[in-house]
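Everything below concerns the one structure shown next.
Bear in mind these aren't lab numbers, they're just calculated from the coordinates by the rules spelled out. Quick caveat, the model's predicted, so the values are computed rather than measured. All Cβ positions, even for glycine, are placed from backbone atoms using ideal geometry, and neighbour counts span all protein chains on display.
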Amino acid sequence: MGSEGETAVNGLHKLANPGKATILALGKAFPHQLVMQELLVDGYFKNTKCDDPELKQKLARLCMPPKIPFFHIPSSKLFIKINSVDSICAGKTTTVKTRYVVMSEEILKEYPELALEGTPTINQRLEIANKAVTDMAIEASQACIKNWGRPTSSITHLVYVSSSEARLPGGDLYLAKGLGLSPETSRVMLYFMGCSGGVAGLRVAKDIAENNPGSRVLLATSETTIVGFKPPSINRPYDLVGAALFGDGAGAIILGTDPELSIEKPLFELHTAIQHFLPNTEKTIDGKLTAEGISFKLGRDLPQLIEDNIEGFCDKLMGIVGLNDKDYNKMFWAVHPGGPAILNRMEKRLNLLPEKLVASRRALMDYGNASSNTIVYVLEYMIEETLKQNQNEKNENGDEWGLLLAFGPGITFEGILARKLIV
């Protein structure tokens, strides 16, 4: 696994309100295989030995070529082993450019049955996935702890989120063991919450932190698409969307109340968290664990359902501190980028300025939809953008308040009203 560079957070920090949960550090990690979107189509069809020209054309349409070329890589290579991506030139569009994945040519050689249609492979997939998500979660957590600046022994609670593994004991125990956490560390697992898992984990971690004064909660998320990797099939058209959109990785966040400012650097205060599900939409995001791995599909009406309900959900959160729809562009927006359509519809419905979703679009471009992890990547980019604005004295909107949002199976809306504490 390979962790990404640290986000330096310097300068002044606003004071968090006493007793309110505060994000104190972030961390992330990724597997070593980097998928270049421009090479995905040929590599995917070659590795799955599929020669259906119609399916190949459909996937090619989903993988629009980047406007700015990447460094040259032989077209026969889909999976690229890397140590860093400093030499990659990033474009400025909403399309995915790069993603990290656990799947590799070595794995396909060892487990060729993973690319065969109709073969029971759940045992092999979980054998690979269970280890991979633990390794990534450990590395992301270690990066987070390093950024935090306090010893691992100061962690009192662990919240672990994943939709990519299934075992007893769960990944929370293996993560605690890998980090050397105290056996008295209180653990919570959140399984199979999909894209809403990261913000749901923050909601649970917030409650734990605020109800246990002096506690420090580690939230870790870890995901891999290997459990759902399948050859293309005309009977499963949504698999092509998954192949073009989803990525692997891990994220970590440390939360606590009443930060020790001599050591800790508060980033965001989590003021209020709510959850809401839309009745009779449980089939819109439909996933099943089968003998062949995870199979899922998304309804075509998903972006419309989110668009139709987003205003009321956001207004409920904003009203808590007296904000209303006229304040949308005075806030920051940390939105899980489920896909470009969702971001575009939100932007249109709420009349958001283009810069409001920059962090979400950057995360989608660089990492794809990495399920529960992605909110961590969005928050890191938001910190980076804020520091850049402050340095250039261009932060004219004064976006102290904002929303953390994600949407998952149910359809479930997760939202947190937050304060940015970076000055």
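Here are some notes:
- Within the shell of other residues whose beta carbon sits under 12 angstrom from the beta carbon of Y111, the net charge comes to -3, with Lys and Arg scored +1 and Asp and Glu -1.
- Among the listed pairs K28/K326; K97/K177; K146/K356; K46/K297; K20/K146, those beyond 32 Å (Cα-Cα): K28/K326; K97/K177
- Rg ratio (alpha-carbon, reference 2.2 N^0.38 Å) - region 120-232: 1.09
- Computed over the chain, the per-residue total of -39500 (n - 2.57) for DSSP H runs of n ≥ 4 gives a 222 nm mean residue ellipticity of -10000 deg cm²/dmol, rounded to 500.
- Using the alpha-carbon positions of region 268-420, Rg (one decimal) and Dmax (whole number) come out as 15.9, 56 Å.
- Calculated diffusion of the chain, Stokes-Einstein form, Kirkwood radius summed over Cα pairs, 20 °C and 1.002 mPa s, µm²/s: 99
- Here the calculated FRET efficiency for K288 and S262, from their Cβ-Cβ distance with R0 = 45 Å, stands at 0.35, rounded to the nearest 0.05.
- Helix axis angle, 374-391 relative to the chain longest principal axis, alpha carbon, degrees: 50
- Debye equation applied to the C-alpha atoms of region 204-358, log10 I(q)/I(0) at 0.10, 0.16, 0.21 Å⁻¹: -0.53, -1.20, -1.39
- Seen against the Cα atoms of the chain and their longest principal axis, helix 197-211 is set at about 30 degrees.
- Rounded to the nearest 0.05, the FRET efficiency derived from the C-beta distance between R150 and N235 at R0 = 35 Å is 0.10.
- Local net charge near G170, Cβ-Cβ under 15 Å (Lys/Arg +1, Asp/Glu -1): +1
- Region 234-272 residues near the modelled E106 label - backbone nitrogen below 18 Å, point 7 Å along Cα→Cβ: 248-249
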